[in-house]
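Notes follow once the structure below has been shown.
The values are calculated or read from the model by the stated rules, or taken from the named source; none is laboratory data. Remember, it's a predicted structure, so these values are computed and weren't measured experimentally. Don't worry about glycine lacking a Cβ; one is built from the backbone with ideal geometry, like all the others, and counts go over all protein chains shown. The accessibility values were calculated without ligands, DNA or RNA, using every heavy atom of the protein model including side chains. Shrake-Rupley method; radii C 1.70, N 1.55, O 1.52, S 1.80 Å.
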Amino acid sequence: MELERDIVKLEVFWEDSAQTPPEWIKKIEDKVSFIELVDSTVVLYIRIADLKTFLKIKIPIREISDVNIKNLFLLSQIFQKIPIGVLIFKQQVVYANAFIEKIFEKPYVEIVDSPAKDFLPEEIIRNIQKLFSKESIERELVLKWIGSFDLLSGNKRHLLIIATSTFIDEIPFGIALFFDISREKNFLTEMVDLHSYDSITGLPNLKSALEFIENLRKNGKRFLVGLVDIDNFSLINDSFGIETGDKVLREFVERLRKSFNPNYYQLFRTVSDQFLIISLRETDRMKEIKYIVNKIKKLLEIPFKVDGSEIFLSVNFGFSFYPEHGDSVLTKAEIALKHAREEKLSYAVYSLDLEFSRETIEILSNIKEDIKNDRIEVFFQPKVDLNSGKILGAEALMRSSVPPNKAIPVIIRYGLMFDVGRIILRKSLENLKQWLENGHDISVAVNVSISQLLDNRFFPLVRRTIEKLRIPPEKLILEVTESEATVNSNNLFSTIKALVEYGVKISIDDFGTGYSSLSRLKMIKAHELKIDLSFIKNVPESEEDKSIVKFIVDISKLLKMTSVAEGIERKEQIEFLRKIGCNEGQGYFFSPPVPAKEFERLLEKEVFAI
């Protein structure tokens, strides 16, 4: 990867990447650092052994001639020009370059001779004595840290810090390199914001609503959930056009905003013509429902004027309460709304009687029969090395008598995920054992939900199944979605930690569609980052999606994770992904999900032509 900042060029190479090492690697292979002058340009090479990373920094130096490049003064001048912070320290700072001054917004005289701990994260401070030991210096110990620094000015910088130590005239010194990755972090935050708000109305979207509800639940808040559905809104789009429809929606939202106090009510847009209102008022539930219904109906007595025409809207409501209706309050409100529409009621309140629709009862019955009679099957989709075309693994996907998009919500809603997950895990690993014995060195990825990870039975089940089949734990990859993986739960993190320590690999699925901090991803110690197909679909045509995908790949490299692109359907997508250094991919370009026997035939082909 090559980055250019001002006049300085930085090249980075990771040993674990699938790329062919550049020629300059040969100059640094057996050294920690190396510096040379090439055509009035200083080239600094650094090898960070523990990170398996090589850096090449090129700094043009004007008016330079016949000078000993190793001269300490000149080296200091070089450090002053590079956009990487250089801090040399013992217990106190002995040297700081201009970029350190910029990062900490302090002049040189206020940094040098100050305690080194004032400029280093706690994780590195705790290891300073270890860093200075002779053994650590001889084996080139490297400490690395990623996170945010809160500066005195109130600003934040997001930094990657790499610290090591060396002897200078037989005296141990610490050296820390500061890489400012704030721009990359801010870019990711902007991308998250784009996926958190509705672009038409400006309201927070469904993802934001789920996060808001989760925070209320964690803090033990009582609240009311109301879904508001506009009747036959598609007729407005069909009759007057989508632009007119969008204007009506914006005016509708503006009326809602003016009518509901934001201190007590939160508004969200969930889907095209459906809105969510969450009430935090401590009042009688039925009185609150009537207040919301009557207030919105009164708003709609005034017509929406469009191109000389007057449009009247009518709405339906579905309500549920927390904690009375349990954790899945949004789903319960959807059930109530569906009942209100079907029965042509103004509103409906969730009750258990509403939940068991004829379709739901039929789906639930079929799934229970599938479990009882061992009819849950597993299909496999290949995960392919984007450079060689070799199959490196498979993602296991459930198949039953009910289509997955209808089966999975019912499985989760009625607490059957552990039982179904146990079957999928067993069948996936049984097939993996057969493939390994047949000489195919691959792994299998199994999707898991947060309900499984929070279940105390889950880790023992994984360990028991692996040991029974005598499969290396690292051949199993558990895929958890980004939004679920970063839920702030001690039980969740302890389960993931136990799985990782046992040897199982963790994959973050659908990356880019939820909210993650780099520190959370680092804490999880995931092995793999999967790029959601919604970003892959429009590359390489969409410049915006190309930037997002490239940034996610760069994040995976930074965190030493394998990047996997989902939903590949065209060769042009592979060429772009290979160019930016994405490791693996899956999608219909290679193969749809197929039964185990057909997948083994794919393995026997050995490689795909790409």
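A few remarks follow.
- Ranking 262, 244, 286 by Cα position along the charge dipole of region 192-301, where only Lys, Arg, Asp and Glu carry charges on their C-beta atoms, puts 286 farthest toward the positive end.
- Legend: distances between Cα atoms for 221/247; 58/102; 26/475; 207/295; 372/406; pairs beyond 30 Å are 221/247; 26/475.
- Residue pairs, from the table 427/537; 505/557; 537/597, whose Cα atoms sit over 21 Å apart: 427/537; 537/597
- Bridgeable lysines around residue 290 (alpha carbons under 20 Å apart, same-chain partners fewer than 8 residues away excluded): 258, 298, 332, 338, 344.
- Cα centre as origin, Lys/Arg/Asp/Glu Cβ charges: region 330-466 dipole, Debye: 180
- Working note: Karplus 6.51/-1.76/1.60 with θ = phi - 60° gives region 280-288 the couplings 9, 6, 8, 8, 4, 4, 5, 5, 5 Hz, where Gly and Pro are set to x.
- With the simple spin-label model, which puts each label point 7 Å out from Cα in the Cβ direction, the residue 210 to residue 243 separation comes to 3.4 nm.
- Which of 160, 386 is most accessible, then next, and so on - probe 1.4 Å: 160, 386
- Residue 306 sits among other residues whose Cβ lies under 13 Å from its own Cβ, and their net charge, with Lys and Arg +1 and Asp and Glu -1, is -2.
- In this rough spin-label picture, where each label sits 7 Å from Cα along the Cβ direction, the residue 105-residue 298 distance is 4.8 nm.
- Protection proxy ranking of 390-400, 284-294 - average other beta-carbon atoms within 10 Å, highest first: 390-400, 284-294
- Taking a quarter of the surface of the Cα convex hull of region 346-398 gives a mean projected area of 7.4 nm².
- Heavy atoms of residue 414 accessible to a 1.4 Å probe, total area in Å² rounded to 10: 50
- Full extension of the segment from residue 272 to residue 290, taken as 0.36 nm per residue of separation minus the current Cα-Cα distance, would add 4.0 nm.
- You can think of it this way: the chain between residue 232 and residue 342 has 38.3 nm of extra reach, that is 0.36 nm per residue less the Cα-Cα gap.
- Counting only Cα atoms, the size of region 307-458 along its three principal axes is 69, 46, 28 Å, in decreasing order.
- Spatial separation of Cα centroids for region 593-607 and region 404-449, in angstrom: 17
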